[in-house]
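Each remark here refers to the structure printed beneath this line.
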Amino acid sequence: MALVPDALQQLRTFAKRRLAHPHGQQLCHYLDGVAWEEALQDSLLVPEDMSLGFYTPFWADYTEAQRLALNHWVYILKYYRISDGERFVITTNECVADFLQGVDPEVAGLLRLEAAEERDHIAAFERVRAGIVRHHGFEGVRMPVKPLRALVTSPRTLHFLLRHFGADFIVTYYLGRGLVNHMGKAFETKVADLDIGHPAFKGISRFHTVDENRHMAVSRMMAACTYALVSRRSEASPLYEVLNQNLREAVVGYTLSDRLTKEQERAMSRLVLPQMRALRDVPTQRLEATIDAHFTGLSGMERAKNTYMPRFNQRLLDQACLSPKEKRDLFELVCSLQGNLRFFPEGYVPGAEVPAMSLEET
């Protein structure tokens with residue numbers, strides 16, 4: 001299998017540079033200096049076409065105040081899921097760092113630095129989320145989570161997978177994380193560049209994007225060079241190969257399944273929207289029809305992701321240290337899970353002659 005030239009050296013150079021200049025709790029510090037709560041009165045928090053229901057036939061039936069609530073809900077929904085993912089990143093990064101500590105302490109240190117940055121992100125967006133929740137009047141709502149969440153994110157589970165699958169698990173995890181990074185950036189870049197958005201919200205998304213760009217780069221490099229950093233099992237039995245394939249399918253399926261994601265987001269929306277102050281008088285039938293139509297049709301969020309992420313994902317998979325067959329299997333798995341999303345460019349399959357991104361395009 002082909003390894004990206006110098007990918008391991010790129011990772012080690014990157015780790016050395018990042019560890020020499022960590023920037024600390026910059027998102028929380030940023031929030032301390034801006035009047036972000038004033039934006040909740042009348043500002044869009046995400047582009048209007050990303051609002052829940054925008055592309056449904058029911059959008060015209062809502063008042064301006066109700067449309068603003070539907071817009072703010074998408075911001076909460078998306079950053080709730082981003083923060084939830086970042087909690088998993090913290091746990092996994094720390095477990096992988098423990099695994100790599102004796103192999104490459106600087107790479108392990110880089111992963112721990114990322115975990116510290118994720119804690120800052122979570123704390124900052126939790127402050128913002130709490131403010132939006134208070135403003136819209138639905139305090140005390142407990143959000144639904146994906147099934148088996150506690151087991152999947154347990155350090156005990158992750159240490160078990162690392163002990164038994166080692167480098168194979170690391171490659172699978174950072175490939176999946178890279179795909180999720182690209183989905184998040186597709187959303188957040190739009191928020192940071194929103195022409196009529198409030199400067200405070202544009203600013204926090206811009207700061208967050210800077211960190212996540214670095215995390216994207218780490219996902220790409222780890223997926224490309226892990227087998228140079230940590231050797232695969234030298235003697236893999238047929239049983240092990242089957243288990244490894246099942247592990248890859250489970251990790252990628254749990255992470256990227258459009259069905260699982262939409263089940264959670266639909267359940268969250270059905271729970272929260274009737275309790276939002278501006279939406280309490282909306283007939284239940286119309287609100288539920290709006291939610292169903294939004295999650296069935298092609299939403300503004302999905303349109304942004306489909307525009308942004310395919311070539312990033314192509315480069316990630318092309319450079320991964322997997323065999324051609326493993327790449328094809330992963331590609332087919334991801335495409336089977338994508339629903340309305342399009343993770344890869346039209347006409348691309350691993351090994352196809354579709355122009356890839358250059359590093360300068362990130």
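The values are calculated or read from the model by the stated rules, or taken from the named source; none is laboratory data. No experiment lies behind these values; they were computed from the predicted model shown. With ideal geometry, Cβ positions are generated from the backbone for all residues, glycine too; neighbour counts draw on all protein chains shown. Please note that ligands, DNA and RNA were not included when accessible areas were found on the heavy atoms of the full protein model with its side chains. Shrake-Rupley method; radii C 1.70, N 1.55, O 1.52, S 1.80 Å.
Rg and Dmax of segment 156-294 over Cα atoms: what are they, in angstrom?
20.5, 64
When N is the residue count of segment 191-252, what does its C-alpha Rg come to as a fraction of 2.2 N^0.38 Å? Walk me through the numbers before you get to the answer.
Numbers: Rg = 19.6 Å, N = 62, 2.2 N^0.38 = 10.6 Å.
Ratio of Rg to 2.2 N^0.38 Å for segment 191-252: 1.86.
Taking a ≥ b ≥ c as the square roots of the Cα gyration tensor eigenvalues, with a/c under 1.5 meaning rounded and otherwise prolate when a/b beats b/c, else oblate, which class fits segment 1-105?
Prolate, because a/c is 1.5 or more and a/b exceeds b/c.
Taking the chain as a Gaussian network, where each spring joins two C-alpha atoms under 10 Å apart, which residue of ASP168, ASP32, ASP258 fluctuates the most?
The residue with the greatest mean-square fluctuation here is ASP32.
In percent, what relative contact order does the chain have, based on Cα pairs under 8 Å that are 6 or more apart in sequence?
Value for the chain: 26 percent.
Report, in degrees rounded to the nearest 10, the 0 to 90 angle that the Cα long axis of helix 105-136 makes with the longest principal axis of the chain.
10 degrees
Grab the DSSP H runs of the chain that are 4 residues or longer, score each as -39,500 (n - 2.57), total them, divide by all residues and round the 222 nm result to the nearest 500 deg cm²/dmol.
Helix contribution divided over all residues of the chain: -23000 deg cm²/dmol.
Could you work out what % of the accessible surface of segment 3-337 is carbon and sulfur, using a 1.4 angstrom probe and leaving DNA, RNA and ligands out of the count?
Roughly 55 percent, rounded to a whole number.
If you split all Cα-Cα distances of segment 89-138 into 10 Å bins from zero, what percentages do you get per bin, shortest first?
The distribution over segment 89-138 is 27, 32, 20, 15, 6, 0, given as percents.
Dimensions of segment 3-337 along principal axes (Cα, Å, largest first)?
The principal-axis extents, from largest down, are 64, 42, 34 Å.
Over the alpha carbons of segment 71-186, what is the largest minus smallest coordinate on each principal axis, giving the biggest first in Å?
Principal extents (largest minus smallest coordinate, Cα): 50, 28, 24 Å.
Would you be so kind as to identify which of VAL272, SER237, THR284 lies farthest towards the positive end of the dipole of segment 3-337, taking Lys and Arg as +1 and Asp and Glu as -1 on Cβ and the Cα centre as origin?
Final value for the positive-end residue is SER237.
Counting each pair of different Cα atoms once, what's the Kirkwood radius of segment 215-362 in Å, rounded to one decimal?
Result for segment 215-362, one decimal place: 18.1 Å.
Of LYS16/LYS185; LYS16/LYS146; LYS78/LYS202; LYS185/LYS325; LYS146/LYS185; LYS305/LYS327, which pairs sit farther than 27 Å apart, going by alpha carbon to alpha carbon?
On the way: LYS16/LYS185 25 Å; LYS16/LYS146 36 Å; LYS78/LYS202 15 Å; LYS185/LYS325 29 Å; LYS146/LYS185 22 Å; LYS305/LYS327 22 Å.
With Cα atoms farther than 27 Å apart: LYS16/LYS146; LYS185/LYS325.
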